[in-house]
Structure formats: C-alpha cells, structure tokens
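In what follows, a structure is listed as structure tokens, so that the remarks can point back to it.
The values are calculated or read from the model by the stated rules, or taken from the named source; none is laboratory data. Just so we're clear, the structure is a prediction, and the values are computed from it rather than from any experiment. In this analysis, Cβ positions are derived from the backbone assuming ideal geometry, glycine residues included, and neighbour counts consider all displayed protein chains. Accessible surface areas use protein heavy atoms only, side chains included; no ligands, DNA or RNA. Shrake-Rupley method; radii C 1.70, N 1.55, O 1.52, S 1.80 Å.
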Amino acid sequence: MTDPKTLWAAVSRAALNWKLLVPLAVALELFNRLSPASSSTLLTEVAILALFATSLNLLMSFGHMVSFGHAAYFGLGAYGFTLAVTRGGLAPEMALLVGPLAAALGGLVFGALCVRLTEIYFAMLTLACAQITYTVLFQWYDVTGGDTGITGFMIPRLGLSETGYASLVLGLVALALLALWMIVKSPLGLMIRAVGQDRARAEALGLAARRVQLVAFVIAAFFAGIAGTLYAVLHGSAFPDYAGLGLTLDGLIMVVLGGLNSFAGGIWGAVIYEMLSNFVPKFIHQWELVLGLLLLGICLAMPHGFAGLLARLGWRGGKGEK
Amino acid sequence: MAPILSARHIRKSYGAFVALRDISLDIPHGERHALIGPNGAGKSTFIACLAGQLSGVEGQMLFKDENVAALPPAALARRGIGRTFQISRAFLQMTVLENLMAAHVIASGRWAALSRRIYGERIDRAHEMLVTVGLADRARDRVADLSLGDRKRLEFGMALVGEPELLLLDEPTAGMSIKERHGLMDMVAERLASEGRTLLFVEHDIDVVMKIAQRVTVMVRGAVLAVGTPEEIAANDEVQAVYLGGGH
Ligand SMILES: Nc1ncnc2c1ncn2[C@@H]1O[C@H](COP(=O)(O)OP(=O)(O)OP(=O)(O)O)[C@@H](O)[C@H]1O
Ligand SMILES: [Mg+2]
C-alpha cells in the first residue's frame, strides 16, 4: 500500500528539474552574450515563438482544443501594444501591459463564441475569428495603417542592444513559461485536461465544461499576446501578418513537431522549426518540401514529436501528460 | 414522503426511431432500484435522460420536487445526481489518482483554483476511496492501462466523491467476474444504505438484481413492462416470456 504523502507527490508532480533548467538558462544567456547581434535576434525570435507555440499547446495538448486562429491573439498583442503607443500616447514601457490585455480581451470575446461548439466546428470558428481580426487590421487604414502596418513609432527593442533585449525576452519568456507550467499543474489545469479528455464525464461530475474551455482560451490568448507584444517591440512595428494564417500554421506545425501531449512540445517545436527555417534554405531551395517530408515522418512514425522521442529514449524531463 | 425522483411521461426519439415511449417512474428516497430489460430496451437512454445528457426529451422530471427536465448535465450533477456510464468513461490519459482528484476538485466547486492546496486537503479522502473501490495499488497507473473492470471501479469511486443523493449506475459490473460483481455491488449497497442515498442501477446479472434491489423496473422496447419487488418480477409471466423468448 502506498502512503498518501507519496501519492500526493504523484498528483502534484509539479516539481521542476532545476538541476537541468538553471544550467540551460545560464548556457542560453552565455550564448547570447558571446555571439554576434544577429544570433541574439534569432534567439529572441525563437524565445518569443516558443512562448507563442506553448500558449497554443495549452489548448491543444491539454484542452484538446485545436485552434486554427491562434495568431489572432499574437496580432492583437502586437497591435494592442502599438496602438497604445501611437493612439493612446502611452510610453512603450507602460504599453507593454496593454498588448497582452488586448489579446486576452479578444480571447474572451471570440472564445465565448468558439467554445459553444466542439472539435472541427470549434476549429472553424477560431479560424473565422482570426480571419475577421486579420481583415480588420488589414483594411482599417485610419487606425491600423492597413497593409503597410505601423512602423517608426518607437525605437526598436526599447532602445536596448540586440543582446540586452534578448536577455530581457529570455527572462520574460522564462517567467511566462513557468506561469503556464504552474497553470497546467494547478486544479484549473487538471480541469482543462479533464474536459479535453472526456467532456461528458466531466459534465456528469458537475463541471461546467464550457466555462473551463473559455478560461483556457483566454489564458492562451493572454500568453500569445505577450509573445506578440515582445515581437512588436523587437521590430518596432506591427503588421497584419502578425495575425495571419501563416503564423497560425507555424504555431500548429511547431506543436506537432515538438510533440503533442507534452508541455515542452511547443518549446522544442519552436526551436527546431526556427533552426530549420533559418538554415535549411541556405543549402536547399525547397525548404517547404523538407518541412513537408519532416511532418509526414513525424505524423507517421513518431506522433508525439520530438518530446515523445526524448521520452522514449528515457529522458523524462518535459513530459506533461504522463 | 415525496419520491426523490419522479419521471413523468418521458419520451425520446432518435430521428424516426422512438427509443422511449412514455416512461413514468417514481423512486422513493433511499431505495435501491434496478432497471432491467433486453438489449436495446432503452435503459441507457433513460439513464442519459435522467442525467440531462440528451436533447429533445419530452416529459417532466422532478428531482426533490424541483422540475429539472431542462437542466444541463453539470447542473443536475451539482443538485445531487451522479452517474457512471455503461462503457466506462474516465479520463484515460490521467492516472487513477488524478481522476479521483479531478472528481474532488469538481465536487469542491474550486475548478478555477490555481493554488494546489486542495490536493493536500483531499488526498486522504482520495486514498480512502481508492481503498474502498480496491484500486489502492493502482493509484499511479494510467487509466488507459487498466482493465475494463478496474475502470468501472474507478468510475464508481469518482461518482461517489460528489456524494450524490441519487446515483445512476449503468451496468456497473459489466466485464467483471461473478465474484467481483457481488463484491462490488455488496459494497455499493452497504455504502449507500448507511448514508441513506438512492440508487438506480442497470444490471444484466439477475442474481445481483435479486440480491441488491428493493424494487425492479422491467423495460422492453422503450416502455415499462412491469414494476415490483424482485419476487414479484421473478413470478411475472410477461417478464418470463420476454426473458425466455426475447432472445436474450
Ligand atoms: N445515439 C443514438 N442514435 C440512434 N439510435 C440510438 C442511439 N442511442 C441508442 N439508440 C438506439 O436506441 C435503442 C435503445 O438503446 P439503449 O442503449 O438505451 O438500450 P439499452 O437498454 O441500454 O441496451 P443495452 O442492454 O444493450 O445496453 C437501441 O435500439 C439503440 O440502437
Ligand atoms: Mg445500455
């Protein structure tokens, strides 16, 4: 018979492997400090996309809600921040808070609509909401600048050097990922997983499944909004493409590459995808072909992606669902 | 005393097919009531109606004198109707213990909690329940790796966590050996009796029905054929005819 204390440890197995994480953080920061500015910018982008993919992964791996419109919240974060500076007259440092809040608000409004349906119909609604967002950003010239976007309204990176901004983003993304991890391991996270795995079972136990899904949706939108905000600051600009289908697909691909059903899947996926998309085209022209073959291989041979592969090799570090 | 559950003229169709035609049934507080009948009689459909899981159900349903016919499943569960499913449904990718904890979190109403305090508060009770349903040494196993019988036990434990006043069990012992069946249902009966709770269960094993139920309803083709004590039902010629000639 197992004693309850050990049992509790099994449920609340939220302990992070600090022995692994601290050296990793130090290594990343060292790399940032020692490498050229272009590498720091790449590092910044990877970190931002890792956060974006992980926010999508919260919905996909844990809530089993496939969103075809997650870039909308990245875009709302970027534009929320940008418009707070250009229209609201806020200092960029203050406007940093507005981006994620705008994304969360968008998530609340669109999410309330989307969670009324499930599965493919849910996915289609998320797509519709994202297309609406994109169209508004693209067409509403007076406010959003339309297809030319908004540029030149601030010094990129808040005036920090490439290296300095990379450090800031690494720190913020680490905090955001930690917060997402705590959410997954919290009672709320357990509820998100429960609804994802068997909605009728959860409802029969007395859970208002839609409300849980809406909360998950808003949380995911909020963190995607942080990513979008950091991205707008990096380039000192906002474009409609930030909310476009391209980025949505990138996010989906990252999650699948990195590994469904694993917390770390979004992070691995962003790293692998960005590395590949930066380096493969230098050697091979048909980058899309390589990506297509890679996805084919993953879906057929290792459906749990890179994180699943690591787990099979005995490295238990980032497994979320098990 | 008014019955805890009173279903009146319940009708339910799947398209053109009428699955339940005018079912009325009263269940007094604290009764153990069995629902039997051949395959396809509509037993599971009736259970699903009572749990609020079907749309397009006609008729009235009074639970503790409140008309609850139009309420969604979660609202019914919060009012005290718990259920298990014929094909057991637990959260497959979670461990056994996580499943029980999920039931505890839902029962506590603290579904939006970020603090993990409730895990600590409820762990002893969760552990007790694991012992009760005989899964203490499987706490850390994933549900997907459990036998069907063990999944049924787990689901039963999860339903009990919410302390439902009316428990609906759809074939709780399917997939178990005869000995396990009697063991589980004896435990269920004892536990519910000591807490004064009401039980409505679907069961194919007539021996179990005879032993556990205080009253039995026999359903055939979407209608109630007979209601009575186990002895009355056993002696009923019509029921005999259905069971002997009814291809069961
Ligand atoms: N979702 C559905 N759509 C269409 N027909 C259905 C549906 N669910 C059940 N039925 C039909 O309704 C009838 C009653 O089914 P139900 O599952 O309630 O029977 P049951 O008495 O529980 O049978 P069993 O003993 O096999 O579990 C059956 O003929 C079944 O085929
Ligand atoms: Mg049935």
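Given the options A:219, A:226, name the one that is in a helix (DSSP H, G or I), touching a helix residue (DSSP H, G or I) at 6+ places or on another chain (Cβ under 7 Å) and away from every other protein chain (no Cβ under 12 Å). Let's see the steps before the verdict.
Numbers: A:219 fails: away from every other protein chain (no Cβ under 12 Å).
Step by step, each of A:219, A:226 is checked, and only A:226 is in a helix (DSSP H, G or I), touching a helix residue (DSSP H, G or I) at 6+ places or on another chain (Cβ under 7 Å) and away from every other protein chain (no Cβ under 12 Å).
Only one residue in B:74, B:69 is modelled with pLDDT of 95 or more, surrounded by fewer than 24 Cβ atoms within 10 Å (Cβ to Cβ) and more than 11 Å from ligand 1 (Cβ to nearest atom). Which one? So that I can check it myself, show each step before the final result.
Working: B:69 fails: modelled with pLDDT of 95 or more.
Selected residue: B:74, the only one of B:74, B:69 that is modelled with pLDDT of 95 or more, surrounded by fewer than 24 Cβ atoms within 10 Å (Cβ to Cβ) and more than 11 Å from ligand 1 (Cβ to nearest atom).
Filter segment B:1-44 for residues that are in a loop (DSSP other than H, G, I, E, B) and away from ligand 2 (no atom under 16 Å from the Cβ) and give the result.
We begin by selecting, within segment B:1-44, every residue in a loop (DSSP other than H, G, I, E, B); these are B:1-4, B:15-16, B:28-31, B:37-42.
Once the filter is applied, which keeps residues that are in a loop (DSSP other than H, G, I, E, B) and away from ligand 2 (no atom under 16 Å from the Cβ), segment B:1-44 yields B:1, B:2, B:3, B:4, B:15, B:16, B:28, B:29, B:30, B:31.
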Problem - Boolean, residue B:90 is within 16 Å of ligand 1 (Cβ to nearest atom), touching a residue at least 12 places away in the same chain (Cβ under 8 Å), among the small types (Gly, Ala, Ser) and touching an Asp or Glu at 6+ places or on another chain (Cβ under 7 Å) - result: no
Fill in the blank from the handout: Among the residues of segment B:31-44, the number that are more than 11 Å from ligand 1 (Cβ to nearest atom) and either within 14 Å of another protein chain (Cβ to nearest Cβ) or open to solvent by 30 Å² or more (accessible area, probe 1.4 Å) (or both) is 1
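Mind checking which residues of segment B:138-171 are in a strand (DSSP E or B) and without any contact (Cβ under 8 Å) to a residue 60 or more places away in the chain?
Narrowing segment B:138-171 to residues in a strand (DSSP E or B): B:142, B:166-170.
If the condition is that a residue be in a strand (DSSP E or B) and without any contact (Cβ under 8 Å) to a residue 60 or more places away in the chain, then B:142 is the only one that fits.
Can you tell me which residues in segment B:81-106 are open to solvent by 50 Å² or more (accessible area, probe 1.4 Å) and either within 16 Å of residue A:209 (Cβ to Cβ) or within 16 Å of ligand 2 (Cβ to nearest atom) (or both)? It would help to see each step written out before you state the result.
First, pick out the residues of segment B:81-106 that are open to solvent by 50 Å² or more (accessible area, probe 1.4 Å): B:86-87, B:89, B:92-93.
Of everything in segment B:81-106, those that are open to solvent by 50 Å² or more (accessible area, probe 1.4 Å) and either within 16 Å of residue A:209 (Cβ to Cβ) or within 16 Å of ligand 2 (Cβ to nearest atom) (or both) turn out to be B:86, B:87, B:89.
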Fill in the blank from the handout: Flagged in segment B:1-30 as of a type in the set (D, E, K, R) and open to solvent by less than 50 Å² (accessible area, probe 1.4 Å), in numbering order, are B:12
Fill in the blank from the handout: When residue B:131 is run through (1) exposed (fewer than 15 other Cβ atoms within 10 Å of the Cβ); (2) touching a residue at least 40 places away in the same chain (Cβ under 8 Å), the failure sits at (2)
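Can residue A:180 be described as more than 30 Å from residue B:48 (Cα to Cα), crowded, with 20+ Cβ neighbours inside 10 Å and within 14 Å of chain B (Cβ to nearest Cβ)? Let's see the steps before the verdict.
On the way: more than 30 Å from residue B:48 (Cα to Cα): yes; crowded, with 20+ Cβ neighbours inside 10 Å: yes; within 14 Å of chain B (Cβ to nearest Cβ): yes.
Criteria met by residue A:180.
Of all residues in segment A:149-177 being part of a helix (DSSP H, G or I) and without any contact (Cβ under 8 Å) to a residue 60 or more places away in the chain, which is surrounded by the most Cβ atoms within 10 Å (Cβ to Cβ)?
Within segment A:149-177, the first condition is being part of a helix (DSSP H, G or I), and the residues that meet it are A:156-159, A:162-177.
Subsequent filtering for residues that are without any contact (Cβ under 8 Å) to a residue 60 or more places away in the chain retains A:159, A:164, A:168, A:171-172, A:175.
Values: A:159: 11, A:164: 14, A:168: 16, A:171: 13, A:172: 18, A:175: 12.
The residue in question is A:172.
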Exercise for the section: Output the residue which, of all residues in segment B:45-61 that are outside any helix (DSSP H, G or I) and within 12 Å of ligand 1 (Cβ to nearest atom), is nearest to residue B:11 (Cα to Cα). Expected result: B:56
Exercise for the section: Restrict the check to segment B:138-149 and report whether at least one residue is open to solvent by 50 Å² or more (accessible area, probe 1.4 Å) and at the interface with another protein chain (Cβ under 9 Å from one of its Cβ atoms). Expected result: yes
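Does residue B:195 qualify as being within 16 Å of ligand 2 (Cβ to nearest atom) and charged (D, E, K, R)?
No, not satisfied.
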Problem - Residue pairs meeting the criteria (Cβ under 8 Å; at least 6 apart or on separate chains; first without any contact (Cβ under 8 Å) to a residue 24 or more places away in the chain, in segment A:292-309; second part of a helix (DSSP H, G or I) and small (Gly, Ala, Ser)) - result: A:302/A:308
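Just to check your reading of the model, which residue among A:237, A:262 is touching a helix residue (DSSP H, G or I) at 6+ places or on another chain (Cβ under 8 Å) and within 14 Å of another protein chain (Cβ to nearest Cβ)? Before you say what the answer is, go through the steps one by one.
Values: A:237 fails: within 14 Å of another protein chain (Cβ to nearest Cβ).
Of the residues listed, the single one that is touching a helix residue (DSSP H, G or I) at 6+ places or on another chain (Cβ under 8 Å) and within 14 Å of another protein chain (Cβ to nearest Cβ) is A:262.
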Exercise for the section: Could you tell me whether segment A:120-134 includes any residue that is within 14 Å of chain B (Cβ to nearest Cβ) and either open to solvent by 30 Å² or more (accessible area, probe 1.4 Å) or among the aliphatic types (A, V, I, L, M) (or both)? Expected result: no
Handout entry: Any hit, segment B:94-113, residues being more than 9 Å from chain A (Cβ to nearest Cβ) and out of contact with any helix residue (DSSP H, G or I) (no Cβ under 6 Å at 6 or more places or on another chain)
Key = no
Exercise for the section: Return the only residue of A:196, A:246 being within 11 Å of another protein chain (Cβ to nearest Cβ) and open to solvent by 10 Å² or more (accessible area, probe 1.4 Å). Expected result: A:196
Practice task
Take residue A:212 and decide whether it is under 18 Å from the mean Cα position of the chain (by Cα), of a type in the set (A, V, I, L, M, F, W, C) and within 14 Å of chain B (Cβ to nearest Cβ).
Solution key: no
Completion exercise
Output for Cβ contacts, cut-off 7 Å, separation at least six or different chains, first residue farther than 12 Å from residue A:75 by Cβ and of a type in the set (A, V, I, L, M, F, W, C) in segment A:99-114, second open to solvent by 10 Å² or more (accessible area, probe 1.4 Å) and at pLDDT below 95, reads none
Fill in the blank from the handout: Here the residues within segment B:45-66 that are more than 16 Å from ligand 2 (Cβ to nearest atom) and either more than 14 Å from every other protein chain (Cβ to nearest Cβ) or among the hydrophobic types (A, V, I, L, M, F, W, C) (or both) are B:56, B:57, B:58, B:59, B:60, B:61, B:62, B:63, B:64, B:65, B:66
